[in-house]
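So the structure is just underneath, and the comments pick up after that.
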Amino acid sequence: MAINTTWKVEIGTIASPVDFTSRVMSMNINQSVDVNVIGRGVCVITLLNKDGALTPGGGGTYSSTDWFAQGVFVNASTNTGGASTSIDVFDGIVMDFDLQDDGVFSTVTITAIDFLSVGGKSPTPTSPVGSSNYATALAGAISNSPTYGVNLYLPLLGASSFTADGVQVGGDSTFTVKTDSTLSWSTLADAWQQSVVPSGNDVLWATSIGISSTIASYKYNFCPDTNTRSTGTRVDFEFNPPASLSGSKLPFDDNEFQQAFNNDTLITQATIDANYTGSTAVTVNSSNVTSYGNRTIAFTDTLLENSTATTNMAIKLVNRYGTSRFNPVTIRLSASMVKTRAADAAETKWRSLLGISTYPWQKATITWTGSGATSQTAYCVTKARRINVTPSDTIVTLELGNWTDNHGFILDEDALDTGRLG
């Protein structure tokens, strides 16, 4: 048999979206995650509008649609000849509508962004509440919470109200942060990015938008502190050149395979400031700063509770990201390549690679042979992806980081003196 991939694109309310798949001419999805950075997702869809159905005020089926009150829901389905299994690839909110019409031919390009990008434009928290563990503080910061003084505004998308709920997919969130710190932010996104997320050394991204009864449910994933996914959420991807595939391994195009040094993300000095106590930790990686110079990062508005916490965070950053490494940074594969080259056993891995909850921050093992070189294997973490969909094929480009630097020690898997303990 072979692994087949199909797409479904819906736009509208959560409970009753309209299926626009047959109109899709092309679709581009860009999503990224990283440590101490709010993940971001953007989806651009070009729809055929030759019949004028989407033209505002044109008298067609959707001419009176309020496009900016609509959600975008993108799913992929895979099968090997039997029943298909689907997975959420992108859920977001319409942010732009671009009509191109010369009187003969017409298209509409819709741009949607993830809900954290939309909600981040909300006003900042107003009421300090005290101390809590990181998971509680994060939930309070991404909510409509009078207790936390947070006013998160999100489109209802046909629902009567909404909730924003986090799913911790790994890491540790039991440490205390001081949510009563008196700070000044311009937007809620500033509060998240400048204070909350760096306090947790977190990997955070928006996932699905669903509905329960009449309540819209906005979901996000987070993986703080160690940044190590838990066993139940972990998917280990393996990539081999098409000529050497077996089992659940996925193919990649070795003509589009790129490696590079990680110098853009090197950290040899970290400055962490806890505003609540006024304590500031400045830590230098003394063994590497003399080799690479001063590569400084600073988080000066964190909610960490004391000088011990700021020092530990600074030490973690310079230890994790203080070494220059030559690593795979980009690989590319396609649905057609998976269909013709991969074994049926790879279907679940391919589907997981497409899923918004399942692809980010996973281990990717890549094996290749360079020109004039012996076979090499590198261990990476999946940080970002670009999905380009046309009626003829789907191309997925992954952006990668170094696996050792971006996770905590995993018992019975990592080697001592190689895997990071924190």
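If you go through the stretch 164-199 and keep only what is surrounded by fewer than 16 Cβ atoms within 10 Å (Cβ to Cβ) and closer than 30 Å to SER16 by Cβ, you end up with ASP165, VAL167.
I'm checking my understanding of the structure. Among residues of the stretch 128-146 that are among the hydroxyl-bearing types (Ser, Thr, Tyr) and part of a strand (DSSP E or B), which one is modelled with the lowest pLDDT? Even if it seems obvious, please write down each step before you answer.
Restricting attention to the stretch 128-146, the residues satisfying the condition of being among the hydroxyl-bearing types (Ser, Thr, Tyr) are 131-132, 134, 136, 143, 145.
Keeping just the survivors that are part of a strand (DSSP E or B) gives 131-132, 145.
Details: SER131: 83, SER132: 88, SER145: 80.
Filtering first and then ranking leaves SER145.
Applying the condition of being under 24 Å from ASN28 (Cβ atoms) and in contact with a helix residue (DSSP H, G or I) (Cβ under 9 Å, 6 or more places away or on another chain) to the stretch 310-340 and asking which residue is surrounded by the fewest Cβ atoms within 10 Å (Cβ to Cβ) yields THR340. Out of everything in the stretch 227-247 that is buried (at least 19 other Cβ atoms within 10 Å of the Cβ) and either among the polar types (S, T, N, Q) or free of Cβ contacts under 8 Å to residues at least 12 places away in the same chain (or both), what residue ends up being nearest to THR136 (Cα to Cα)? Filtering first and then ranking leaves ASN227. Take SER16 and decide whether it is small (Gly, Ala, Ser), within 29 Å of SER199 (Cα to Cα) and either without any contact (Cβ under 8 Å) to a residue 24 or more places away in the chain or surrounded by fewer than 18 Cβ atoms within 10 Å (Cβ to Cβ) (or both). When the stated conditions are applied, SER16 does not pass them. Within the stretch 147-164, the set of residues being closer than 19 Å to THR124 by Cα and in a strand (DSSP E or B) comprises VAL150, ASN151, PHE162, THR163, ALA164.
Just for the stretch 66-91: of the residues that are polar (S, T, N, Q) and more than 16 Å from ALA112 (Cα to Cα), which one is farthest from the chain's Cα centre (by Cα)?
Step one: filter the stretch 66-91 for residues polar (S, T, N, Q), giving 70, 75, 77-80, 84-86.
Now drop any that are not more than 16 Å from ALA112 (Cα to Cα), which leaves 77-80, 84-86.
On the way: SER77: 20, THR78: 21, ASN79: 25, THR80: 28, SER84: 25, THR85: 22, SER86: 19 Å.
Selected residue: THR80.
Would it be correct to say that TRP361 is touching a helix residue (DSSP H, G or I) at 6+ places or on another chain (Cβ under 6 Å), within 16 Å of ARG234 (Cα to Cα) and not polar (S, T, N, Q)? The answer is no for TRP361.
Condition check ((1) under 20 Å from ILE3 (Cβ atoms); (2) within 24 Å of the chain's Cα centre (by Cα); (3) at pLDDT 95 or above) across all residues:
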| position | (1), (2), (3) |
| --- | --- |
| ILE387 | yes, yes, yes |
| THR397 | yes, yes, yes |
| PHE409 | no, yes, no |
| LEU416 | no, no, no |
| GLY422 | no, yes, no |
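Consider SER161 carefully, then state whether it is of a type in the set (Gly, Ala, Ser), surrounded by fewer than 18 Cβ atoms within 10 Å (Cβ to Cβ) and in contact with a Ser or Thr (Cβ under 7 Å, 6 or more places away or on another chain). In short, no. For a quick check of your reading of the model, give me the residue pairs whose first member lies in the stretch 279-300 and is surrounded by fewer than 16 Cβ atoms within 10 Å (Cβ to Cβ), whose second is polar (S, T, N, Q) and assigned to a helix (DSSP H, G or I), with beta-carbon atoms closer than 9 Å and at least 6 apart or on different chains. Filtered contacts from the stretch 279-300: TYR292/ASN263; THR300/GLN194. Residues in the stretch 3-18 that are farther than 18 Å from LYS50 by Cβ, assigned to a strand (DSSP E or B) and out of contact with any Phe, Trp or Tyr (no Cβ under 6 Å at 6 or more places or on another chain): 6 in all.
Checking each residue in the stretch 261-278 for being surrounded by fewer than 16 Cβ atoms within 10 Å (Cβ to Cβ) and either within 27 Å of the chain's Cα centre (by Cα) or of a type in the set (Asp, Glu) (or both) picks out PHE261, ASN263, ASP264. Scanning the stretch 143-155 for residues that are surrounded by 17 or more Cβ atoms within 10 Å (Cβ to Cβ) and out of contact with any Leu (no Cβ under 9 Å at 6 or more places or on another chain) returns TYR148, LEU154, PRO155. Restricted to the stretch 178-191, and to residues there that are closer than 19 Å to GLY130 by Cβ and not in a loop (DSSP other than H, G, I, E, B), the residue that is modelled with the highest pLDDT is ALA191.
The values are calculated or read from the model by the stated rules, or taken from the named source; none is laboratory data. Keep in mind the model is a prediction, meaning the values are calculated, not measured. All Cβ positions, even for glycine, are placed from backbone atoms using ideal geometry, and neighbour counts span all protein chains on display.
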